[in-house]
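**Student:** This is the structure I want to talk about, given as structure tokens.
Values quoted throughout were computed directly from the atomic coordinates according to the rules given, and no laboratory measurement underlies them. Because the structure is a prediction, the values reported are computed rather than measured. Cβ atoms come from the backbone with ideal geometry, glycine included; neighbour counts cover every protein chain shown.
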Amino acid sequence: MVKYSSFLFLVLLCISCGEDYVPKPKAYLRLEYPKAKYVDTNLELPFSFETNILATPVKSKKVITKTKSYGVNLEYPLLKGTIFLTYKAIEKNEKNLIDFLRDAQNLTQKHTIKADEIPVIPYINDERKVYGAFAEVKGNVASPAQFYVTDSVNHFLTGSLYFYARPNYDSILPAANYLQKDIKHIMETVTWK
């Protein structure tokens, strides 16, 4: 019996002496989306822009306030997200524009509690008279991207990106990056009427 046990031990020792095993590395989700193709929007609004063909523009009912205000939702069913756009007409006084700018910046600043970082990139296009800023909100936040553009005289447009999921930065990052490119394209193609 001792010989059998010794032999079995020796066989197991020889079999186990082989390749070193390492733990399996973590896998990362690889999401691929189609290349963006843009078309002009034709929504009978005081502004126009190009939108991705993956988006379905849904014009909200006209909001009745002191100023003319419109809402447009760009819904992306494939990415389970929406870019919410809000247009407001600037009154002839400068205070109205200052209030709109403050509101847009405060919306971004509300995310500082959960955000890891909020880089803000200014946008200036003198030729088309479009001025604004794009903010990427990094971290587990409800809205990973926000922006505003204005002509500083008559028009003010703000937008926010939201997903139909609990905020988990690592999970939504591929879709957020894709839609942030669409937001930048909106900023670059917006024209005032």
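**Student:** For the residues 149, 120, what sequence is obtained by ranking on other C-beta atoms within 10 Å, fewest first?
**Tutor:** The most exposed by this proxy come first: 120, 149.
**Student:** Also, I was wondering about something else. Students often forget the sequence filter, so: which aspartates and glutamates lie under 16 Å Cα-Cα from residue 35 once same-chain residues fewer than 8 apart are removed?
**Tutor:** Leaving aside aspartates and glutamates fewer than 8 places away in the same chain, those within reach of residue 35 are 50, 182.
**Student:** Among the lysines, which fall within straight-line cross-link reach of residue 59, defined as a Cα-Cα distance under 24 Å, with same-chain neighbours fewer than 8 residues apart omitted?
**Tutor:** Correct list for residue 59: 37, 68, 80, 88, 181, 184, 193.
**Student:** Run the simple label-point estimate for residue 112 and residue 69 please: 7 Å along Cα→C-beta, distance reported in nm.
**Tutor:** Distance between label points: 2.5 nm.
**Student:** What nm value, rounded to one decimal, do you get for the distance between residue 169 and residue 58 when each label is placed 7 Å out toward the C-beta?
**Tutor:** 2.9
**Student:** Could you tell me what a quarter of the Cα convex hull surface of segment 34-192 works out to, in nm² with one decimal place?
**Tutor:** 9.3
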